[in-house]
Amino acid sequence: MNKKTTIYDIAKALNITVSTVSRALSGFPAISDATKKAVIETAKRLNYSPNKLASALKSGKTHTVGVIVPSVQAQFFASIIHFIEDGLKEYGYRVIIYQSNESVENEINGVRTLLEAQVDGIIASMSLETVDVAHFEEIINQNKPLILFDRVHGVLNVPTITLNDFEAGYVATQHLIKIGYKNIAFITTVHQIQIFNNRLQGYKAALADHQLPLLEEYIIYGGLSVADGELGTEKLLQMKNKPDAIVAADDFTALGVIKKLKEVGKTPPEIGVIGFANEVFSEYISPNLSTIDQQPTQIGKECAKMFLKMIKQERPYQHIEHVVLKPTVVGRQSTLKI
């Protein structure tokens, strides 16, 4: 087996000190360009590969960032991950992705695994099941950056990047009202996640501002999935006073709503439907889905920017920022009355 090249071999080949080689490879400004060039060329010729673990142990930094999301199957979260990676790679950071699959147990394991991997910080969106946040507090206790995006928790005093979800619920409902729908239902999750409660409160406020009645039986609590959208819609259609439009708490739920409505011959926009997230499929289903764009590109960019700020500070939580983005309505066939 060939012996692995070390910086000692490079120093011997060039007849210079080991510390000079180390500084040259690290880009130390006091080392001349000629020496740097000679060291780099010799390192390549000898097939030198730096020991990243040893470097990490010495510096206390691994240049890795953990990202925890509920699911990479949702284009919303996949897009955010893409722009986090894109924003960090030019600064030498790599991303380790962990899916909670909406399970708090998985999320706890994810935090533990990432901390054991010595990541420099964690960027996370919480699972639907998350109530106790002790596992996230451990990141703070280790003085590592924690940034929460989309799904956040008020107990944790950490930087956040979110959509204005109250406004999102409001404008989604107002979009339906302006088109002419009057009996508007809302299908959402039973889990007490802040963003979904904010969307529901926005829905209620829009009804109140437009002098439309709020019927509690029109608010259906369940999960967030195609199946939950179908089940919620079935419950609404069994009512004597059926709704003429439905706000679904996410696009997957809205897809289930459309599927059930088509089954019973009430294809949108006969009954209007609007979702949240602007998932890729929403543009291509029939009828295509009106939705709220949650700005995943900007969320990802802001997460990367926030991490870089925190890592440069003497104390990561020295300055805590809360970035709130504005939602936009994407109107499509599912709400466009003829």
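No lab work stands behind these numbers, since they all come straight from the coordinates. None of these values were measured; they are calculated from a predicted model. FYI the Cβ positions are ideal-geometry reconstructions off the backbone, even for glycines, and counts take in every protein chain you see.
Summary table below
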item: Value of [θ]222 nm, deg cm²/dmol, for the chain, DSSP H segments ≥ 4, -39500 (n - 2.57) each, nearest 500; result: -13500 deg cm²/dmol
item: Cut-off under 5 Å, modelled amide H: who pairs with Ser225 long-range; result: Thr253
item: For the chain, size of Cβ-based charge dipole, Lys and Arg +1, Asp and Glu -1, in debye; result: 1380 debye
item: Distance in nm between pseudo-label sites at Gln194 and Lys259 (7 Å out along the Cβ direction from Cα); result: 3.2 nm
item: Antiparallel %, DSSP beta bridges [both residues in the chain], to 5; result: 10 percent
item: For the chain, built as a Gaussian network whose Cα springs stay under 10 Å, the top-fluctuating residue of Arg315, Arg23, Arg112; result: Arg23
item: Distance from the range 238-252 to the range 191-237 (C-alpha centre basis), Å; result: 8 Å
item: Efficiency of FRET between Ala227 and Ser286 - r from beta-carbon atoms, R0 25 angstrom, step 0.05; result: 0.80
item: Cβ crowding within 10 Å averaged over residues, with 244-253, 7-16, 80-89 ranked highest first; result: 244-253, 80-89, 7-16
item: Rounded, prolate or oblate (a/c below 1.5 giving rounded, otherwise prolate when a/b exceeds b/c) for the range 7-50 by Cα gyration tensor; result: prolate
item: Pairwise label distance in nanometres, Tyr317 with Lys4, each label 7 Å out on the Cα-Cβ vector; result: 3.7 nm
item: Semi-axis lengths, Å, the chain, gyration tensor of Cα atoms, sqrt of 5 times eigenvalues; result: 51, 19, 17
item: Among Tyr218, Leu236, His82 the positive-end extreme of the charge dipole of the chain (Cβ point charges); result: His82
item: Cα centre as origin, Lys/Arg/Asp/Glu Cβ charges: the range 7-50 dipole, Debye; result: 40 debye
item: Separation in nanometres of the label points that stand 7 Å from Cα toward Cβ, at Met239 and Leu156; result: 3.5 nm
item: Test item: Cα-centred dipole of the range 165-294, Lys/Arg +1 and Asp/Glu -1 on Cβ, debye; result: 420 debye
